[in-house]
Amino acid sequence: MKSFKVYSWSNFKQQVQIKCILCRGLTTLAQPLCQLCLATCPAPLCFCSCCGLPIQDSDTGICGQCLKQPPLFDRCLSPFLYQFPVNRILQLVKYQSRLELIKPMVVSLAEWLMDYYSDDHWPEIMLPVPLHRNRLRERGYDQTLLLTRALKKLLCTGGLGIDLEIDQQLIKRTIHSVPQQSLDAIARQKNIRNAFTLNRKPPWHHVALVDDVVTTGATVSEITKLLKNSGVQRVDIWSIARTPET
């Protein structure tokens, strides 16, 4: 009788070769972005411990703006800068349904977080920034929720031992505003004002607010204000990328 070797789906993905989504070089189905392209993704060498923006190395670790006027949130942690090829990758995820590109980005975020929280307390819960129901209907998926779920899986089952739950019901987006990317900083603040509500009083003291990209911080600041007015003491922002000041 012939014996057949059974391959798991993960083994299959490791064997099948495809072209990298960016450089078109050979990679595997399990790694849709090749290692070379991942290595070229821009990351901040030194960043402000409050707002997450790149800064020159300093004794305080805090940028001048945050020293004068700290943001509403407490930390902003992002492994990448929103520049090529990271901006291209996240645009493919958001607008062209290339959901297989979420995992390689989230792996970098998980590693970043593990390093940071080795000397700090982990949040009690992950709260993904929600889409408005109309935008969800148009797109067909919520990329931030998907990346939050992928992050939970990596932290919990990837040998890291961090078991964080996700609450996707707490925050509700009530205003279907125009996309933030088409607006300048001042217009972004006006556009997002009063766009969110909380469905109940949050029972946690320390939360992580998860988004794919933080640009001016208007969206996460608006939600942070709601959370802190409802009793949350600390809000950490987790995102794949942070847009540097221009």
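The values are calculated or read from the model by the stated rules, or taken from the named source; none is laboratory data. Nothing here was measured: the structure is a model prediction, and the numbers come from that model. With ideal geometry, Cβ positions are generated from the backbone for all residues, glycine too; neighbour counts draw on all protein chains shown.
Being surrounded by fewer than 19 Cβ atoms within 10 Å (Cβ to Cβ) and touching a helix residue (DSSP H, G or I) at 6+ places or on another chain (Cβ under 6 Å): is that true of L198 here? In short, yes. If only residues of segment 158-194 that are in a helix (DSSP H, G or I) and in contact with an Asp or Glu (Cβ under 9 Å, 6 or more places away or on another chain) are counted, the one that is modelled with the highest pLDDT is I192.
Scanning segment 231-246 for residues that are surrounded by 23 or more Cβ atoms within 10 Å (Cβ to Cβ) and modelled with pLDDT under 95 yields a total of 0.
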